[in-house]
Amino acid sequence: MAFFDCVVTASSCLSSANNNIDAAVLRFSGEDVEELLQKGIQEEYLGDQPIGSSLIVEINYSLHPFIAHTPTLRMPISMAGKDHVYQGMWSTLLAIRQHNKCYYNCSQKQVNIVTVPELGTSIGCVPIDEVARQISMAYQTFLFSLPPY
C-alpha cells in the first residue's frame, strides 16, 4: 500500500460524487469524512468554500490522516481554457504550508506526502496534459517562491 499523509479532493459534498476520486475517498476513509468536511467548510467559509481555496481537514484514519478539500468548480460546467487547476494546486500547497507552520514542533501532525488526483478532468473537461501542465506550474512556482533556509 502506498503511503501518503493527505489526499486532495475537490467535491464539496462527497456523498453526491459518482464514480470519481471523491466517491473513492469517501468509501476508503469512512462516512464520517463527509461530515468532517462539511463542518470545516461551514466553520471556515460559512458553508460556501470558494474556488482557489483549500482546506486541510484531519480525519480519523491513521495511515492517511488528512484531506485537502480544494474545489475547482462552482457548477458542473466545462473549465477548459481556465486556470482552475492551477489555482486549486496553488491553494493546496499554500494550505499545506500554513498547516505545517502551525505544527512545526509536531511532525506527526505535519503533511509531507500528498496524492493529487487529475483535478478538472471529469466534469471540468480539462485534458489530462493540460491538468499536468497546470499542476506542474503551480508546484514549480511554489518551490521557487519558498524562502531559503
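Nothing in this text is a laboratory measurement; each read-out follows from the coordinates by a stated rule. Nothing here was measured: the structure is a model prediction, and the numbers come from that model. Cβ coordinates were reconstructed from backbone atoms using ideal geometry, including for glycine residues, and neighbour counts include every protein chain displayed.
Qualifying trypsin sites (Lys or Arg not before Pro) in the stretch 18-102, where qualification requires a DSSP coil assignment and no more than 13 other C-beta atoms within 10 Å, comprise R74.
Rg then Dmax, both in Å and based on the Cα atoms of the stretch 27-104: 13.3, 39.
Where both bridge residues fall in the stretch 6-145, DSSP classifies roughly 40% of the beta bridges as antiparallel.
Straight Cα distances below 23 angstrom link K39 to the lysines K101, K109, with same-chain residues fewer than 8 positions distant left out. Working note: Karplus 6.51/-1.76/1.60 with θ = phi - 60° gives the stretch 39-49 the couplings 5, x, 5, 5, 5, 7, 10, 6, x, 9, 6 Hz, where Gly and Pro are set to x.
Cβ crowding within 10 Å ranks M75, M89 as M75, M89, fewest other Cβ atoms first. Using the rule -39500 (n - 2.57) for each DSSP H run of four or more residues, divided by the residues of the chain, the 222 nm mean residue ellipticity is -13000 deg cm²/dmol. Each Lys or Arg adds one and each Asp or Glu subtracts one; over the other residues with Cβ under 13 Å from the Cβ of E130, this totals -1. Projecting label points 7 angstrom from Cα along Cα→Cβ for N20 and I128 puts them 1.6 nm apart.
Phi angles of the stretch 74-81 translate, via the Karplus equation with coefficients 6.51, -1.76, 1.60 and θ = phi - 60°, into HN-Hα couplings of 8, 9, x, 10, 5, 10, 4, x Hz per residue; Gly and Pro are given as x.
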